[in-house]
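A quick write-up on the structure given underneath.
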Amino acid sequence: MEKRVYNFSAGPSTLPEDVLKEVQRDLLNYADTGMSITEMSHRSKAYMAVNAEAQSLLRELLNIPDNYYVLFVQGGASQQFSCVPLNLLGKNNKADYLDTGNFAHKAIEEATNYGDIHVACSSKADKYTYIPKTFDIRPDTAYVHIASNNTIFGTRFNTFPKTKAPLVADMSSEILSREINVSDFGVIYAGAQKNIAPAGVTIVIARKDLVDDTQNIMPICPTMLKWKTQADKDSLYNTPPCFAVYVAMLVFRRLKATGGVKAIQAINEEKAQLIYDYIDNSKLFKSAVAREDRSIMNIPFVTGDLDLDAKFVKEAEQNALCTLKGHKLVGGMRASIYNAMPIEGVKKLVEFMAKFERENG
Ligand SMILES: *Cc1c(COP(=O)(O)O)cnc(C)c1O
């Protein structure tokens with residue numbers, strides 16, 4: 001076995017090792033076609049089967065009702081920052097946004113190009129260390145936008161706001177990590193490179209009535225950014241990111257075989273608890289995040305001393321615990337512990353934190 005480390009990268013991030021081995025095994029000859037999945041037409045029988053299975057597995061895993069489209073698109077979650085207003089502000093150009101982190105803020109900045117955007121709450125002045133509990137939502141807003149898990153700051157919505165207007169959620173850094181009720185949302189979107197697959201595919205789950213009402217689409221919306229374009233063609237309007245969709249299918253198969261979202265949620269909660277329990281009892285490591293808003297996917301922490309933080313990141317790396325440097329907006333460290341991070345990796349990290357504290361505390 002070649003060298004593998006525990007990779008705590010925020011994204012692109014670690015994938016299940018058995019999925020990578022399957023990809024490796026099938027790379028030159030996929031499903032007895034004599035071709036790689038990366039070499040075949042997206043109209044081929046073999047790829048159409050991948051597209052269909054990936055979609056049906058995602059529907060099953062998230063219990064997505066029939067009145068929702070599941071789309072595989074490109075451009076990342078960042079492109080959805082434009083697609084959301086372009087696809088929803090055609091009739092009513094008002095939208096309300098909850099400002100709970102860096103990506104939530106970028107979504108606001110982008111939407112401002114297209115409509116009358118109102119910030120319904122913000123924790124920016126407190127460095128996004130908590131999720132505001134009250135929101136000033138306009139009664140006539142077309143939709144309400146949230147980032148459900150704030151990747152950089154390590155907060156999440158434990159419960160989602162109940163809104164009359166459709167709730168639109170960027171779930172890039174937590175999709176499939178916990179059970180959700182899809183019917184509570186008008187639209188869910190997520191870049192795949194955190195919890196699902198390699199970079200390249202973005203998942204959009206959108207209520208059919210919102211997508212099919214062409215009055216909702218702004219006239220300036222480019223064809224390729226219309227959700228309806230891909231909805232009408234089952235995500236095969238143009239060449240899809242075939243390889244990323246294929247790996248997503250393998251990840252979905254594996255998640256189903258290991259008990260689905262309910263089972264992975266229990267493991268994710270256990271993993272996060274191991275780190276938070278250690279931090280809460282530590283004299284060296286601290287978390288800036290409000291306890292009730294803690295993410296179970298991204299856990300930032302600091303020692304309070306920049307040199308010691310740097311020493312931690314360096315020594316962790318020497319112990320095969322990699323990519324723990326925090327985002328530049330927060331500093332310190334960040335452990336991203338997505339679905340594919342095994343609990344053994346988290347235990348190793350906590351053991352290392354304890355050793356580091358004994359030596360440096
Ligand atoms: C990573 C991330 C993004 C950006 O995703 P891209 O696919 O790189 O555009 C947006 N929102 C959230 C919550 C993220 O974690």
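Brief remarks on what is shown
- Among the residues making up the range 220-251, those that are out of contact with any helix residue (DSSP H, G or I) (no Cβ under 9 Å at 6 or more places or on another chain) and in contact (Cβ under 8 Å) with a residue 24 or more places away in the chain are T239, P241, A244.
- Filter result (part of a loop (DSSP other than H, G, I, E, B) and either more than 14 Å from the chain's Cα centre (by Cα) or away from the ligand (no atom under 16 Å from the Cβ) (or both)) within the range 154-174: N158, T159, F160, P161, K162, T163, K164, A165, P166
- A residue that is assigned by TED's automatic domain parsing to the domain that holds L71, of a type outside the set (D, E, K, R) and in a loop (DSSP other than H, G, I, E, B) occurs somewhere in the range 241-250.
- Tallying residues that are open to solvent by 40 Å² or more (accessible area, probe 1.4 Å), among the aliphatic types (A, V, I, L, M) and either closer than 13 Å to S177 by Cβ or not in a helix (DSSP H, G or I) (or both) within the range 287-308 yields 2.
- Listing of helices (runs of 4 or more DSSP H) fully contained in the range 45-151 that carry 2 or more residues being more than 16 Å from the ligand (Cβ to nearest atom) and touching a residue at least 60 places away in the same chain (Cβ under 8 Å): 45-62, 76-88
- When I220, I196 are checked against the criterion of being modelled with pLDDT of 95 or more and more than 22 Å from the chain's Cα centre (by Cα), a single residue qualifies: I220.
- Consider the range 130-157 and keep the residues that are open to solvent by 40 Å² or more (accessible area, probe 1.4 Å) and among the β-branched types (V, I, T). The one that is farthest from A206 (Cα to Cα) is T134.
- Taken over the range 231-256, the criterion of being of a type outside the set (D, E) and more than 21 Å from the chain's Cα centre (by Cα) is satisfied by A231, K233, L236, Y237, N238, T239.
- The listed residue being open to solvent by less than 20 Å² (accessible area, probe 1.4 Å) and more than 28 Å from K124 (Cα to Cα), out of L324, L284, L255: L255
- Subset of the range 346-361 (residues that are crowded, with 20+ Cβ neighbours inside 10 Å and within 25 Å of the chain's Cα centre (by Cα)): V346, L349
- Exclusive hit being open to solvent by less than 10 Å² (accessible area, probe 1.4 Å) and either under 30 Å from L27 (Cα atoms) or touching a His at 6+ places or on another chain (Cβ under 6 Å) (or both), set V187, V245: V245
- Only residues that are outside any loop (DSSP other than H, G, I, E, B), aliphatic (A, V, I, L, M) and touching a helix residue (DSSP H, G or I) at 6+ places or on another chain (Cβ under 9 Å) were counted in the range 309-321, giving 2.
- Boolean, N93 is more than 25 Å from S177 (Cβ to Cβ) and open to solvent by 60 Å² or more (accessible area, probe 1.4 Å): yes
- Inside the range 219-240, residues that are open to solvent by 30 Å² or more (accessible area, probe 1.4 Å) and not in a helix (DSSP H, G or I) make up a count of 9.
- Considering residues of the range 111-129 that are within 16 Å of V168 (Cβ to Cβ) and among the aliphatic types (A, V, I, L, M) only, the residue most open to solvent (accessible area, probe 1.4 Å): V119
- Among residues of the range 30-44, those that are open to solvent by less than 70 Å² (accessible area, probe 1.4 Å) and either at positive phi or assigned to a loop (DSSP other than H, G, I, E, B) (or both), counted: 9
The values are calculated or read from the model by the stated rules, or taken from the named source; none is laboratory data. Quick caveat, the model's predicted, so the values are computed rather than measured. Cβ coordinates were reconstructed from backbone atoms using ideal geometry, including for glycine residues, and neighbour counts include every protein chain displayed. Heads up: the accessible areas ignore ligands, DNA and RNA and are worked out on the full protein's heavy atoms, side chains in. Shrake-Rupley method; radii C 1.70, N 1.55, O 1.52, S 1.80 Å.
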